[in-house]
Amino acid sequence: MKVVGLTGGIGSGKTTVAGFFKELGIPVFIADDEAKLLMVSNSEVKSAVQALFGEHSYKNGLPERKYIASKVFGDREKLEQLNAIIHPAVARHFESWKEEQVAPYVIYEAAILFESGGYKKCDFNLLVTAPLDRRIERLKKRDKSTLEEIEARMNNQWSDEEKAKLADFIIENKELSSTRKAVHELHETLV
Ligand SMILES: CC(C)(COP(=O)(O)OP(=O)(O)OC[C@H]1O[C@@H](n2cnc3c(N)ncnc32)[C@H](O)[C@@H]1O)[C@@H](O)C(=O)NCCC(=O)NCCS
Ligand SMILES: Nc1ncnc2c1ncn2[C@@H]1O[C@H](COP(=O)(O)OP(=O)(O)OP(=O)(O)O)[C@@H](O)[C@H]1O
């Protein structure tokens with residue numbers, strides 16, 4: 001089974017692009033969502049996160065995402081420690097999920113695929129890009145995030161130029177219709 005890694009900076013449109021692959025019947029594994037599930041359902045992950053961030057990191061069994069975000073995106077070491085808890089657990093889950101899929105290829109969507117080295121396990125890697133001002137505009141609208149919060153995350157991600165060097169395919173996410181068309185064309189190439 002071929003694995004196509006799908007990545008892009010915060011707010012670039014990864015999940016939107018993943019949705020277009022789903023429309024074509026391609027199985028999509030969203031690492032961000034799996035990470036969220038594991039933080040609730042995997043007791044080892046949960047206790048490691050609690051040990052790292054203390055009692056305020058969980059409330060009624062659920063992670064306090066805003067609190068954890070406020071601790072990690074300005075502290076590289078803490079972020080790396082959190083990544084070291086979450087990423088191996090997500091990778092293990094992906095391997096078992098992949099075995100269950102019947103398709104010409106699957107999509108592995110992850111926000112920091114290049115930064116984490118996860119791209120090396122993929123057969124091809126697709127980068128989604130969008131101009132910085134559009135990404136910020138879309139995120140402010142979607143999450144009601146502040147510019148400061150968005151920039152703190154961007155500071156922990158590579159630039160598009162760095163990522164482009166490692167990407168096999170790049171889709172520029174401007175208008176939804178042209179992005180969908182680009183996904184359809186890439187699908188034809190991949191099958
Ligand atoms: C810090 C957490 C709790 C914040 O949760 P929140 O709901 O606010 O954000 P969410 O997980 O939906 O991520 C939104 C975006 O933030 C950025 N982001 C998330 N994690 C990271 C990271 N480790 N490094 C850089 N950027 C990141 C990405 O652009 C991502 O698409 C959460 O992001 C987390 O647990 N991150 C560490 C695990 C991780 O790397 N997850 C992503 C891939 S598996
Ligand atoms: N081409 C587009 N035109 C207008 N809005 C768009 C376009 N692409 C995505 N959006 C919107 O922008 C926001 C960010 O897109 P999306 O959630 O797909 O990005 P993402 O890269 O997955 O984000 P994150 O890094 O936070 O996980 C969403 O609200 C989405 O509906």
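The values are calculated or read from the model by the stated rules, or taken from the named source; none is laboratory data. Note that the structure is a prediction, hence the values are computed from the model and not measured. When we count neighbours, we look across all protein chains shown, and the Cβ atoms used for this are built from the backbone with ideal geometry, even at glycine. Note: accessible area is taken over every heavy atom of the protein model, side chains too, but ligands, DNA and RNA are not part of it. Shrake-Rupley method; radii C 1.70, N 1.55, O 1.52, S 1.80 Å.
Okay, helix-only estimate at 222 nm for the chain: each DSSP H run of n ≥ 4 adds -39500 (n - 2.57), divide by all residues, round to 500 deg cm²/dmol; what do you get?
Numbers: 10 runs with 108 residues, N = 191.
Per the formula, -17000 deg cm²/dmol.
Charges at C-beta only: +1 for Lys and Arg, -1 for Asp and Glu. How large is the resulting dipole of the stretch 14-145 about its Cα centre, in Debye rounded to 20? Can you show the working numbers first?
Details: 21 positive and 19 negative charges, 114 e Å.
The calculation lands at about 540 debye.
Can you give the FRET efficiency for Lys59 and Glu100, using 1/(1 + (r/R0)^6), R0 = 35 Å, r = Cβ-Cβ distance, to the nearest 0.05?
The calculated FRET efficiency here is 0.60.
Rounded to whole Å and sorted largest first, what semi-axes of the equivalent ellipsoid does the C-alpha gyration tensor of the stretch 99-191 yield via the square root of 5 times each eigenvalue? Spell out each step's value before the answer.
On the way: eigenvalues 128, 59, 34 Å².
Value: 25, 17, 13 Å, ordered largest first.
Under the Kirkwood approximation for Rh and a Cα-based Rg, what ratio Rg/Rh is obtained for the chain?
On the way: Rg = 16.8 Å, Rh = 17.4 Å.
Looking at the chain, the ratio lands at 0.96.
So what's the stretch 1-74 giving for Rg/Rh, alpha carbon basis, Kirkwood Rh from the mean inverse pair distance?
Working: Rg = 15.4 Å, Rh = 14.4 Å.
Result: Rg/Rh = 1.07.
Report, for the chain, the % of DSSP beta bridges that are antiparallel, rounded to 5.
Details: 2 of 18 bridges.
Here the antiparallel bridges make up roughly 10 percent for the chain.
Figure the gain on full extension for Gln50 and Asp133 (residue separation times 0.36 nm, minus the Cα-Cα span) and round it to one decimal in nm. Show your work: numbers first, answer last.
Numbers: separation 83, 0.36 × 83 = 29.88 nm, distance 3.56 nm.
Between Gln50 and Asp133, full extension yields an extra 26.3 nm.
Taking all protein chains in place and a 1.4 Å probe, what share, in percent, of the accessible surface of the chain do carbon and sulfur account for? Please report the intermediate quantities before stating the final value.
Numbers: 5350 of 10670 Å².
In the chain, the share of accessible area belonging to carbon and sulfur is 50 percent.
Please report how far the C-alpha centroid of the stretch 19-53 lies from that of the stretch 126-173, rounded to the nearest whole angstrom.
Cα centres, the stretch 19-53 to the stretch 126-173: 20 Å.
Holding the Cα-Cα limit at 25 Å, pick out from Lys2/Lys141; Lys121/Lys165; Lys98/Lys144 the pairs that are longer than that. Could you put the intermediate results ahead of the total?
On the way: Lys2/Lys141 35 Å; Lys121/Lys165 17 Å; Lys98/Lys144 34 Å.
Over 25 Å Cα-Cα: Lys2/Lys141; Lys98/Lys144.
Multiply the residue separation of Lys181 and Arg76 by 0.36 nm, subtract the distance between their alpha-carbon atoms, and state the gained length in nm to one decimal. Please list the in-between numbers first.
Numbers: separation 105, 0.36 × 105 = 37.80 nm, distance 3.78 nm.
Gain in length upon complete extension: 34.0 nm.
Compare the Cα positions of Ile136, Tyr119, Leu82 along the charge dipole of the stretch 1-152 (+1 at Cβ of Lys, Arg; -1 at Cβ of Asp, Glu; about the Cα centre) and return the one farthest towards the positive end.
So the residue we want is Ile136.
What order, most packed first, do the peptides 117-129, 44-56 have when packing is the mean number of other Cβ atoms within 10 Å of each residue? Each step should come with its number before you reach the end.
Details: 117-129: 18.8, 44-56: 14.5.
So the order, starting with the most tightly packed, is 117-129, 44-56.
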